[in-house]
1. Would a scan of region 94-104 turn up a residue that is surrounded by 17 or more Cβ atoms within 10 Å (Cβ to Cβ), touching a strand residue (DSSP E or B) at 6+ places or on another chain (Cβ under 6 Å), within 16 Å of N150 (Cβ to Cβ) and not hydroxyl-bearing (S, T, Y)?
2. Are there any pairs, at least 6 apart or on different chains, whose C-beta atoms fall under 9 Å, with the first in region 52-77 and closer than 24 Å to L215 by Cα and the second basic (K, R) and in a helix (DSSP H, G or I), and if so, which?
3. Could you check how many residues of region 107-142 are charged (D, E, K, R), out of contact with any Leu (no Cβ under 8 Å at 6 or more places or on another chain) and assigned to a helix (DSSP H, G or I)?
4. When the residues of region 189-203 are filtered to those that are touching a strand residue (DSSP E or B) at 6+ places or on another chain (Cβ under 8 Å) and buried (at least 20 other Cβ atoms within 10 Å of the Cβ), which remaining residue is farthest from F249 (Cα to Cα)?
5. Cβ-Cβ below 6 Å, separation at least six or inter-chain, first residue in region 122-134 and crowded, with 17+ Cβ neighbours inside 10 Å, second not in a helix (DSSP H, G or I): which pairs?
6. Is at least one residue of region 55-66 of a type outside the set (G, A, S), in a helix (DSSP H, G or I), within 15 Å of P228 (Cβ to Cβ) and more than 15 Å from the chain's Cα centre (by Cα)?
7. Is it the case that some residue within region 13-33 is of a type in the set (A, V, I, L, M), at pLDDT below 95 and part of a helix (DSSP H, G or I)?
8. Can you pull out every residue in region 36-45 that is touching a helix residue (DSSP H, G or I) at 6+ places or on another chain (Cβ under 8 Å), surrounded by fewer than 21 Cβ atoms within 10 Å (Cβ to Cβ) and part of a helix (DSSP H, G or I)?
Amino acid sequence: MWLSFRNKDKEAFSSEGIDIERLPQHIAIIMDGNGRWAKRRGLPRSMGHRAGVEALRDIVKTCSNLGVKVLTLYAFSTENWRRPKEEVGVLMTLLTDYLRRELNELHENQVNIRTLGDITYLPLDAQKELAKSVARTRNNPGLILNLALNYGGRAELTRAFQKIAEEVEQGKKLPREINEELISSHLFTAGLPDPDLLIRTSGEMRLSNFMLWQLAYTEIVVLEQFWPDFNPKALLDAIREYQQRDRRFGGLKKE
């Protein structure tokens, strides 16, 4: 079992310079650099993806122990289908294996698994494991773990606008009733807070079509290290940097 979030855990994280009272509610991560990590070591790309899965386990555990409410992981984008068929197959196998291996422990630790994106394009084995994981953890009150799979920010917005247009056409909504709240309610993240902190590994300075609506006022931390090297210490470093930011949301700096 993982550590539960008790006073001693609070003291441990406080000793690391983390203000528990100012944690980001929602952390989103673009897990980038698996292939380059493997290449630097003379290994096949598949080994980089396998190492990335191992890094994932520690990050989910740490976020749960910290008391973070939502963790969203960009696992497979709508553009990733352009990769070689063999690599896509490895990624889908790793996803399926991860869920089979980790589901019991995730459930025991009250993690609530959800998906973002159109998973009907995924292989049947992956779809079945995802459906099983979502159903089993649906009522868990702990960390919400969003797995963004076959996800693209533009596709998400297109889907939302289409659904709203249908409601207008059916007379359920008037055009003047379309506002930010209505659009947000039609996104995959409906009912969840927008990310407070976005972490991107591998040093790339772009969003890569990830959560384009939700990241409007998110604090961004870009790290040079590749995803397989990302560990709890790096996560805490990113949270400390976040806590040093002055979030103004378009207003003026507080005196």
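1. As a first pass, look at region 94-104 and keep what is surrounded by 17 or more Cβ atoms within 10 Å (Cβ to Cβ): 94-96, 98-99, 102-103.
In the following step, the residues that additionally are touching a strand residue (DSSP E or B) at 6+ places or on another chain (Cβ under 6 Å) were identified as none.
Checking region 94-104: not a single residue is surrounded by 17 or more Cβ atoms within 10 Å (Cβ to Cβ), touching a strand residue (DSSP E or B) at 6+ places or on another chain (Cβ under 6 Å), within 16 Å of N150 (Cβ to Cβ) and not hydroxyl-bearing (S, T, Y).
2. G67/K10
3. Residues of region 107-142 that are charged (D, E, K, R), as a first pass: 108, 114, 118, 125, 128-129, 132, 136, 138.
Then keep just the ones that are out of contact with any Leu (no Cβ under 8 Å at 6 or more places or on another chain); that gives 108, 118, 125, 128, 138.
With assigned to a helix (DSSP H, G or I) added as a condition, the list becomes 108, 125, 128.
The qualifying residues number 3.
4. Just the residues of region 189-203 that are touching a strand residue (DSSP E or B) at 6+ places or on another chain (Cβ under 8 Å), to begin with: 189, 192-201, 203.
When the remaining residues are screened for being buried (at least 20 other Cβ atoms within 10 Å of the Cβ), the result is 189, 195-201.
Working: T189: 20, P195: 13, D196: 11, L197: 14, L198: 16, I199: 19, R200: 21, T201: 25 Å.
Per the criteria, the residue is T201.
5. As it stands, the answer is L130/T115; S133/I113, since those pairs meet every condition given.
6. No, because not a single residue in region 55-66 is of a type outside the set (G, A, S), in a helix (DSSP H, G or I), within 15 Å of P228 (Cβ to Cβ) and more than 15 Å from the chain's Cα centre (by Cα).
7. Going residue by residue through region 13-33, those that are of a type in the set (A, V, I, L, M) are 18, 20, 23, 27-31.
Filter again for at pLDDT below 95, leaving 18, 20.
After this cut, where a residue has to be part of a helix (DSSP H, G or I) as well, the list is 20.
Taking every residue of region 13-33 in turn, at least one turns out to be of a type in the set (A, V, I, L, M), at pLDDT below 95 and part of a helix (DSSP H, G or I).
8. R36, K39, R45
The values are calculated or read from the model by the stated rules, or taken from the named source; none is laboratory data. Note that the structure is a prediction, hence the values are computed from the model and not measured. Cβ coordinates were reconstructed from backbone atoms using ideal geometry, including for glycine residues, and neighbour counts include every protein chain displayed.
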